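**Student:** Here it is, the structure, as C-alpha cells.
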Amino acid sequence: MRGLLQAASLVALSLLPPLAFADSPSDLYYTTNDALLSQPDLFSVYDDRPKDCPPCFDCNRDDFTCQQFANCSKSTGRCLCPPGFGGEDCSKPLCGSLADGANRAPRHKPKCKCKDGWEGVNCNTCQTNNACRSMMPSDQKDAAVCYTDGVVVEENFQMCNITNRKIVDQLKHDGIPQATFSCNAPRKECNFQFWVAQRESFYCALDTCDWTRDETDGRNKTKYECENIKCKCIPGRMLCGGNGGVDLADFLTEEIKGPASFTTTKTKGGSDSDGSVFSEPNMNVLIGSIFGDPSIFLDCHAGECMHQSKVPGYTRPINKINTPLIAGVIAGVSLFLLAVLLLVFMLNRRSTGRYGPVRLDTDEEEENARLLADHKPAALYFENIHYQLKEKKILSNIMGSVHPGELLAIMGASGAGKTSFLDILARKKKRGTVMGDFWLNGEKVSNDDFRSVIGFVDQEDTMLPTLTVHETILDSALLRLPKEMSRNAKEQKVEDVERQLGIYHIRHQVIGSEEGAGRGISGGEKRRVGIACELVTSPSILFLDEPTSGLDAYNAFNVVECLVTLVKTYNRTVVFTIHQPRSNIVALFDQLMLLAEGRMVYSGPFHRCQSYFDSIGYSCPPGFNIADYLIDLTMQNGAPAEPEDEIEDDGPSYLAAIENGRITRASSTMAVKSVPSISGSVEDRSSLRPRASRKSSVRQQQERQLYSRRSTQDNNTTPASLRSADDSLLERDPDLVRLKQQAPPSLADTHNLPPSVSGPNTSNLDILVTAFAESDVASDLHTSLQTAINTASDSHPEPNGTTSPAGLTRVRGYRKPGLPTQFFILSRRTWRNLYRNPMLMLAHYAIAIVLAVLTGYLFYGLTYNLKGFQNRLGVFFFLLALFGFSTLTSLTVFAPERLLFVRERAKGYYHPLAYYVAKVMMDILPLRLLPPIIMGCIVYPMTGLLPHWSEFGTFMMFIVLFNLAAAMICLFIGICVKNQGVANLLGVLVMLFSLLFGGFLLNHETIPKPMLWLQSLSIFHFAFEGLIVNEVRTLTLADHKYGLDIEVPGSAILSSFGFNNLALWDDAVGLAVFCGVFVVLGYGALHVLLVERR
C-alpha cells in the first residue's frame, strides 16, 4: 500500500503543468525540423550487436516508438528528437548547452556537466545573458538576453524541483524528484519529463495551451491552461515497474486527460505565496487524499534566449528629445550671434581718436633719424633702353641719369611710353622684351637688391576700402620700415608724412569705394594716401607714375613740393612721370626727360632745356609754360614733314590730313578759336572765310610761328605772344576779308641750325631726335655716365663685368620685420576688413541658425526603422550639400585683393606666405569653422541622432573637416582663375561631380570600373560615408510589414548601399588629406601665378 501511494503521488507530480516563469523566444532558433534537431547515432546499436549486424531500429515499424512523443521521419526511420534529447528513440538527455545545437553529445555519466551559464538535467535552461551570445548573429551578440520570467515567447525551458514536503520525504531514499518543462508558443504545445535522481521516469505532452500574465505593483502572476494532456511511462524506470516497484503506466495513460493549469507567482522582495502550482482534476484528488495537499507545488527556474527586442514588455527605444537642451542651444547660439553683432557695432563705432599725438624722447628721435638716413645715396644711370612688345617697338634708344638730391621728371604726350619706361627703370616684370644697361652708383645690381631700396607709386590707387587713411599708411610703415625702429617712431613718421601731404585732417576717414556702403575720401586724397604709403619708408629711389593725376593745381604742387623736400632733406632720388605740369611745378624739376612715340627728344638738366631747344630752332614764346610748349612740340612734329601750304583749309584734303594724323592741333593754339568781329561779337569763322581762296588758317599760322624751325637770329624777333599776332589780323581792312592769309615766317634761312634728316618718310620728330643725339647735352650725359661707371669699376674691379659684391653692400634696404610680425599685421588688417564689412560673416551665421532650426524641425525625432534610416540619409546629404555650396564664397577671398596683393608683393611689403596664412586663417575661423559648429549643435539634438558624446564628436569632426576641404578647393580655384564667372562655374561643377560620387545618388557597386577612381576624389563620399557609418552601424533597424516584424542590422543596410562599415577613420583621414593638399596647392598657385607682369 505504501508503494502504491508513493507511486500515485509521483504520478500526480509528473502531471503538474510546467511553471510559467520562463518566457524566451527559442523557437526563433530551434524547431523539430530534421535538419535542426540532434540526430541519433546510426551505428549506436553496434555496441550490443555483432560487427556484421546492421542497425534494425526503424520508428516506422509498430514495434519501435519514439519517446517524448517525438515525430518519426518517414524517409529515414529515425526519430526527430526535441531539444535536449538524443539517441535512436530520444531517450538520452544531451549535455553541453542548448547553444551547441545539433553538435551536442549524449550523456554517458549519471549527470551532465553543463557549460557556463546553463543548467538543468539536459542543460537546456540558460542562466545568464552571456550564455545566449553565441545564439545571436555576429553583429547582434550584445543584444542577447536570457529571459527568466515565466511567460513563453518562442520556446522556453524550465528546470523544477518538487516542493511538496510529503512527496520529497517519500522519495528521499531514491533521489530528488525533479521535472523539466518546455513550451513552444507558435504550436501552443508543451512537453514535460519527470525525473528521479536525474533518470527519466515518464513524460507527458500537453496541447491546446494558452497563457496569461497579470502584472501589478510588486507582483507578477503567470497562468498556463492546457485542454489536453497525455503521459507515458518509460518501462523499467521508477514508478514504471522499475526494481519491481509500482507501475503507473495504466494510470497515466487512462486517468490523466486534462484539463490542466499551471500558475506561477512572484512577489517583489519575496513572499510565502511565491512558487508554481500544477492543477489537474484527477491528480488533485490523488494528491489530496494521500498527501493532504491540494495540488503539486514546484520551484522552477526558467530560461529562454532571445533578442532584447523580444522580451515581453519591451518597447523599441524612441529618441527622447531633450527639449530644454535644444532650447538652451538655440538660445546660446542666438546670444552668440547677438554678441557678434554688438562686437562689430562697437568696433565700427569705436572712436578713431585713439591715435593721439605721438611723443618721442630724444633718443628715439635720433634713432629714427639715423635709421632713415643710414642709406647710401643712389645715382641711377641707364643707356640703350629698348622695349618691344609683340614685334612692336615701344621704346627705342633711351638714355639718361639722375643723381641723389635730384628730381627727374619724365614728360611726354599720351602714348609716348612714359609709364612703360618708368616700369623698366623700376625693374618691374614686363610682358615684352627689355634690353639695355642699368647702373646704380655706376654698378650693376640684381633686381632683388634694387627693389629693396626703391618705392613705387602706381597711377591707379589700390587700397582696402574698409581701412582708414591712417591705418593704411601705418600698415605700410609697420611692414616696411626698419625692424629695429620702435613703433612710436614709425607712428611719428606716419604722422609727419600725413602732415606733409595735407591729409592729416582726414586720417580717420575710411578709404571707401563706389561698390561699398558709401564713398570715402576723394580721388585726389586717395592719390596722396598712395604716395604717403611709399614716402613713409623714405626710399633711396622713389618712382611715381603721374602722382599729380586727379589733383587740383594747389595739391599737385604740394605733392611735388613734398617730393622735393624728400630729395633735398634725405638726399634721395625721385623719378616720376607727369603730364603737362603747371609752371610752378616745372620750376622744381632738376632733370627732364622728354619722350615722343617711345623716342628720346631730350634728356638732361632742366635748366639747359630751354637753351637747347633755342639752339635747334624751337624757342618757347615768352609767357608760355615750357612744359605745355614741349608737349605740343612733340605732338606737332610727330607727323611726316610735308608742306601744309598746299592743303586747303576746311577742304576735303585738310580734313583727310587731320584724320591721317598729318596735321594735329596743338593744345597751345586751342585758345584761338574765333576772331571778334567789328561789333565785338564772335561770329562763325566759316561765314567770313572765302573758301575758294584760302589755303592756310589762323591755327596753321600760329603753329608755324610756334613750332617751325628758325635760325637763332630769328629767335629775337619772335612775337611776344599769340595775341599780338591775332591783333595784327584784326587791324586789317574791315571791309576786306579779315582772315586774309598772313605771310608765314621765313623758313629759308637755316643759319645756325643743325642739319635736317633727309628721307621720304622723314618726320619732324626724326629731326628732334637726331638733333638731341648730336647735341652737347647728350654728349655730356654720355660722358658723365661713363665716368660714373669707370669710377665704380676702379673702386671695385670685377672680372667679366660681373656684379660687385662690395657694391651690393653700399645701397641696401631696411631689415624688414620677419614672418611672424608680418602675419600678425596682415591678420589684424584682414580682421578689420572682415568686421567692417560684416555682411558675409553675419549671413553665414544667420543662415546656419535658421537652416539648423528648419532642418531640425523637418527631421525631428528620427526613429529606428527604415523611414528613420532614409531620413538620416536625407539630413546628412542636406547638411553636406549646404556646406559644400556655401563654401563657394571662398572663390572671392582673393578676388577683391588680387591686384592689391600683386602690387604689394612687387613692392616687397611682405612674404607671400605671411599673406596667405593670414587670409586663410581669417577665412577659416569665422566663416568655415563656426557655422558648421553652430549648425551641428542645433541639428544634432533636434533630430535625435545617437545621444553619445563619442558619436557627437565624430559628427562635428566630419562636418568641420568637410567644410574646410570644400573651402580649400574653392580657394584654390579662386586663386588660379582670375575671371569670377569662370571660377564660379568651375566651383559649381567640382561640387556637383563630387556630390554625384558621394554615395547617395550613385551606389558604389553600380559605378563602372573605369570611373570608380573618381569616388576616391569625392569629398562628399568621405564625409557622407563617415557620417552615416558613425550613426547607423550600431543600430538595429526594424520595420513592420504584412504582420511581421523585420529587423535588419544597420551595418547590413550600409553594406547594401555600398558603404564600408570599417572606413570611418579612413574617411576622416581622407578629408584631412584633402584639406592639407589644397592648402599647399593654394599657396603654390598664389606664389607662382599671382606675380606682377606689366
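**Student:** Can you order the peptides 533-546, 329-342 by their average number of other Cβ atoms within 10 Å per residue, highest first? Can you show the working numbers first?
**Tutor:** Working: 533-546: 24.4, 329-342: 14.0.
Peptide ranking by packing, descending: 533-546, 329-342.
**Student:** Among Trp195, Trp1013, Trp439, what's the order by accessible area (1.4 angstrom probe), most exposed first?
**Tutor:** On the way: Trp195 5, Trp1013 145, Trp439 25 Å².
Ranked from most to least accessible, the order is Trp1013, Trp439, Trp195.
**Student:** Obtain the nm distance between the two label points defined at Lys257 and Asp1066 by a simple spin-label model: each point lies 7 Å from its Cα along the Cα-to-C-beta direction.
**Tutor:** Placing both labels 7 Å beyond Cα along the Cβ direction yields 7.1 nm.
**Student:** Just the accessible area for His301, please: 1.4 Å probe, Å², rounded to the nearest 10?
**Tutor:** About 90 Å², ignoring ligands and nucleic acids.
**Student:** Using a 1.4 angstrom probe, figure out how much accessible area segment 857-946 has per residue, in square angstrom, rounded to the nearest whole. Please list the in-between numbers first.
**Tutor:** Values: 2900 Å² over 90 residues.
So segment 857-946 comes to 32 Å² accessible per residue, rounded to a whole number.
**Student:** Mind checking the full-extension length gain between Asp299 and Arg499? Use 0.36 nm per residue of separation minus the Cα-Cα distance, one decimal, nm. Let's see the in-between values first.
**Tutor:** On the way: separation 200, 0.36 × 200 = 72.00 nm, distance 10.55 nm.
Value of the extension gain: 61.5 nm.
**Student:** Rounded, prolate or oblate: which fits segment 909-1007, taking a ≥ b ≥ c as square roots of the Cα gyration tensor eigenvalues, rounded meaning a/c under 1.5, else prolate when a/b beats b/c?
**Tutor:** On the way: a/c = 2.75, a/b = 1.31, b/c = 2.10.
Oblate, since a/c reaches 1.5 and b/c is not below a/b.
**Student:** Show me 520-531, 258-269 ranked by packing, highest mean number of other Cβ atoms within 10 Å first. Show your work: numbers first, answer last.
**Tutor:** Working: 520-531: 21.3, 258-269: 18.8.
Peptide ranking by packing, descending: 520-531, 258-269.
**Student:** Amide H neighbours of Ala105 under 5 Å, at least 5 residues apart or on other chains, H built in the peptide plane: list them.
**Tutor:** When sequence neighbours closer than 5 places are left aside, the close amide H contacts are Cys95.
**Student:** Per residue, how much accessible area does segment 406-547 show when a 1.4 Å probe rolls over the protein heavy atoms, in square angstrom? Write down the numbers at each step before the final one.
**Tutor:** Details: 4530 Å² over 142 residues.
Here the residues of segment 406-547 average 32 Å² of exposed surface.
**Student:** Could the peptides 963-972, 1025-1034, 444-453 be put in order, highest first, of the mean number of other beta-carbon atoms found within 10 Å of their residues? It would help to have the intermediate numbers written out before the result.
**Tutor:** On the way: 963-972: 27.7, 1025-1034: 23.2, 444-453: 17.2.
Packing order, densest peptide first, comes out as 963-972, 1025-1034, 444-453.
**Student:** Let me ask another. Pop out the carbon and sulfur fraction of the accessible area of segment 159-223 as a percent, whole number, probe 1.4 Å. Numbers along the way, then the final one.
**Tutor:** On the way: 1310 of 3130 Å².
Here carbon and sulfur together make up 42 percent of the probe-accessible area.
**Student:** Another question, if that's okay. Considering only protein heavy atoms and a 1.4 Å probe, what is the carbon-and-sulfur percentage of the accessible area of segment 498-634? Numbers along the way, then the final one.
**Tutor:** Numbers: 2290 of 4640 Å².
On segment 498-634, the fraction of accessible area on carbon and sulfur atoms equals 49 percent.
**Student:** Would you mind computing, in nm to one decimal, how far apart the modelled labels at Ser396 and Arg898 are, each placed 7 Å from Cα along Cα→Cβ?
**Tutor:** 3.6
**Student:** Run the simple label-point estimate for Glu951 and Leu588 please: 7 Å along Cα→C-beta, distance reported in nm.
**Tutor:** Once both label points are built, they end up 7.5 nm from each other.
The values are calculated or read from the model by the stated rules, or taken from the named source; none is laboratory data. These numbers were taken from a predicted model, which means no experiment stands behind them. Counting neighbours? That spans all protein chains shown, and the Cβs are built from the backbone with ideal geometry, glycine included. To get the accessible areas, we keep the full protein, side chains included, count just its heavy atoms, and leave off ligands, DNA and RNA. Shrake-Rupley method; radii C 1.70, N 1.55, O 1.52, S 1.80 Å.
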